[in-house]
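To start, the structure under review is shown below, and the notes come after it.
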Amino acid sequence: RKSTATNCIDSFFAPSSTSHHPAHSPPNDKYYLKRRVGQLRKISNLAARVSHMTLATQPVLSAASAYANYQTHVRAGHGVKLYLKGKGNMARVHESKPNYKIDLVGSWDLGLTKALRAFAGTMLPFKIHRLRKAFDSKENMHTLSFVLGAKKLAHRRLDSLLDDLVAAGDPLFLIEITCSSNDGQDTLPLIQCPTRASLIKASLIKLPLEKEKFEKDKGKVEESKETSFLCNSDWSDLRKVADNRRSGKFRKALFYTLRWWLFPLLFTAVCWTVLLSPAVLPAAPLVFRSRNEVGERFISKISRALPPVPDNLADAFSLGVIFEQVSRGASRALLSDAAVLVGRAADDPLTLDELERMRSHLEDLQAHRGVIARVTGAFSFVNLMWLGAIFGIAISVGPSLYHVLKPLREFLKKVMKWFVEDVLVPFVIRCHNWGVIEIVAWLACGAIMVDGEALFAVETGRFIAISSLALAAPSFSYSTFIWTRHLDKPENPYSFLRMVYSWAALTVAPVAVAFDSKLMAYIAVLAFYGALGFSVCFFGLGVAIGFDGKSAASRVAVTSALLLVTSTAARECYKLGGGGAEEIRCFESPVAVMGSLTLYLALLIRASKYNYPTYRTGKQERLRILRIQNILMVAALVGGLLLGSLTGSPGMTNTALTFAVLYAGEKYSEMHLERGWSGWLLVLGVSGFAYKLALWLHEHPEFLATVFKV
């Protein structure tokens, strides 16, 4: 660009080829003047670009000195404090959100082991939370000070790292502090300090850490002890590397974001393919061994191993009709229809003897005795044990490998040191650097999901699918750890959680439908509400249930109302049509429970008088908002009672009654406190009501049970 600008300038001052023509004089030639004006504009634009390019590569502050000491007040024996001094103009730095970060450029990681070196690069740059600035107007000098590793970086560990780096050749590296520009679009180098490990060791000031001396000094350093760790060697190559890291901020952010979500979204696509079109998936088996007799997916192997019994009263009545017809000499083909009613395949018909003994099996099942009740109860325990095993494996596989491999590493170092150092560790590092570990982890998740759909019946494949989803959680964490370190922290702290919740809901929902799992349906619905802003927080012996803010409460309330009305209307339409949406039946209970609870909870919070302080909204505006919110709460309660009564849904009715009582208690408490009545009377009234409520619930437990039913 500079050479192009120089050529334009030379051509501007060069004599024109038409100047010697007698008929054309340069000052009077309009074409000549127009061409010269165009060249001037081109020169101006190129000069502006070159100027901008030059300013972007130059740091805001030109480093004059830099030193460090161990005097930190957060945790004794930990942390290092850096002081960086430089001259310049801080006007280019964003005032409210400077976003200070520290980056290390060069061979600063030579003192680390190979395993740590593979992950060290992903940790940079990291944010500086508390950077203090001071300005000396006499010397026109800015001083930046901040603490690194105040709680986790031990002084002994830092000394060891510096010694290892010196032993590795004491390479030159660059300490760069970056910040955001005025417009917030670019990342500027605030100050750049070339240094070596030996210079940092010489700069460190080791003072006694006794309590009295520590409080007396208060982090002050004597001027005579200051030793700058700036290096005067040529570091132009390091500056070019730093410039390349900061350039293309938008393109890099876009690339890292897409790369972060690549495999999670592919796994989500596999889950939806399992539901919509499983035939296009790769041929199983991929992980588990092949099953010779898979049979129908929706026919339970447990039911085939037990005496046949119907699942509901309608099937029992139909079986009775079939038994009566067969006993009178009707066609034996009716026994195949009877087999379908008890969950068997049509090519495995029942016998007349099995139909005769079905009455005694139903009596035993109703009285919770006999082989069917015992085997079913045993398999309920087995399923619970399986679920607990999946959860235990998911949370313990990492710590277990750590503890198991710790003594194993010592053994391998003694017996097979060459294998560990020259084969195993380099292989794992290369797999990490080349993305092999991430690819293998996500391929395993997808393969387990495919095998669960193709090789197992629904009741068994359901837990295979849960295993795949459980493995997807650490895989997603690994991908997040690798790629999000390069992205800036979002301004909204809830953005990351909402993205994760949205992905979880989109991934788990098709699996819940494909395997008819209420557990996964509840997880999908909870993740969906988490993306909307509903959250549950556990702390100590307490639980906080609520929303991220007022906008989240409104968003959840509107969504819950639409879901409840839509699901209720769809269910009634299917009833009138004589059929049912069997594929999405697993979502009826989660939508009814979470929809009702979140709707009434959001409206209960919004209807509270203390949710709208007078100093923020004004008295008249506060009354108007409260009037609208209370009308909405009453309308929702009446609508819940009406819909629950008309559709025969006791859960919806009892949930509306429960929140109606809570709403009445809220209004009474507001009135009690506003009128200045005694607080002891309020405590006595609430306690008496709670006592009576607990006694009534013990006498009518079915009320509480129906709250969690459709």
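The values are calculated or read from the model by the stated rules, or taken from the named source; none is laboratory data. Because the structure is a prediction, the values reported are computed rather than measured. Here the Cβ positions follow ideal geometry from the backbone for every residue, glycine too, while neighbour counts run over all protein chains shown. Note: areas computed on protein heavy atoms with side chains; ligands, DNA, RNA excluded. Shrake-Rupley method; radii C 1.70, N 1.55, O 1.52, S 1.80 Å.
Only helices (runs of 4 or more DSSP H) whose full extent lies in segment 125-231 are considered here, and the ones with at least 2 residues that are at pLDDT 80 or above are 155-167, 197-203.
Answer yes or no: is there a residue in segment 361-378 that is modelled with pLDDT of 70 or more and open to solvent by 70 Å² or more (accessible area, probe 1.4 Å). The answer is no; no qualifying residue exists.
With respect to the conditions (1) open to solvent by less than 20 Å² (accessible area, probe 1.4 Å); (2) within 29 Å of V638 (Cα to Cα); (3) at pLDDT 85 or above; (4) among the hydrophobic types (A, V, I, L, M, F, W, C), A581 falls short on a single one, namely (3). All of E453, E438 fail the test of being buried (at least 18 other Cβ atoms within 10 Å of the Cβ), of a type in the set (D, E) and either in contact with a Pro (Cβ under 6 Å, 6 or more places away or on another chain) or at positive phi (or both), apart from E453.
Taking the condition surrounded by fewer than 13 Cβ atoms within 10 Å (Cβ to Cβ), modelled with pLDDT under 70 and within 35 Å of the chain's Cα centre (by Cα), does L401 pass? So L401 fails the test. Taken over segment 264-306, the criterion of being of a type in the set (F, W, Y) and modelled with pLDDT of 75 or more is satisfied by F267, W272. Candidates in segment 483-503 are the residues that are under 19 Å from R555 (Cβ atoms) and aromatic (F, W, Y); of these, the one that is surrounded by the most Cβ atoms within 10 Å (Cβ to Cβ) is Y501. Restricting attention to segment 470-483, report how many residues are in contact with a Ser or Thr (Cβ under 9 Å, 6 or more places away or on another chain) and either free of Cβ contacts under 8 Å to residues at least 24 places away in the same chain or β-branched (V, I, T) (or both). Looking only at that region, the number is 1. Among the residues of segment 315-332, not one is at pLDDT below 70 and in a helix (DSSP H, G or I).
Screening M520 with (1) assigned to a helix (DSSP H, G or I); (2) over 18 Å from A470 (Cβ atoms); (3) out of contact with any Ser or Thr (no Cβ under 7 Å at 6 or more places or on another chain) gives one miss only, at (2).
Would it be correct to say that F427 is in a helix (DSSP H, G or I) and either over 30 Å from K101 (Cβ atoms) or among the hydroxyl-bearing types (S, T, Y) (or both)? Spelling it out, F427 is indeed in a helix (DSSP H, G or I) and either over 30 Å from K101 (Cβ atoms) or among the hydroxyl-bearing types (S, T, Y) (or both). E491 falls short on exactly one of the conditions (1) modelled with pLDDT of 85 or more; (2) assigned to a loop (DSSP other than H, G, I, E, B), and that condition is (1).
Among the residues of segment 517-558, the one identified as in contact (Cβ under 8 Å) with a residue 60 or more places away in the chain, open to solvent by 30 Å² or more (accessible area, probe 1.4 Å) and within 24 Å of S608 (Cβ to Cβ) is K550.
Applying a threshold of 8 Å to beta carbon distances and a minimum spacing of six or more residues, or different chains, the list of pairs starting in segment 79-92 at a residue that is closer than 10 Å to A63 by Cβ and ending at one that is open to solvent by 40 Å² or more (accessible area, probe 1.4 Å) and part of a strand (DSSP E or B) reads K85/A64; G86/S62; G86/A64; K87/S62; K87/A64; G88/S62.
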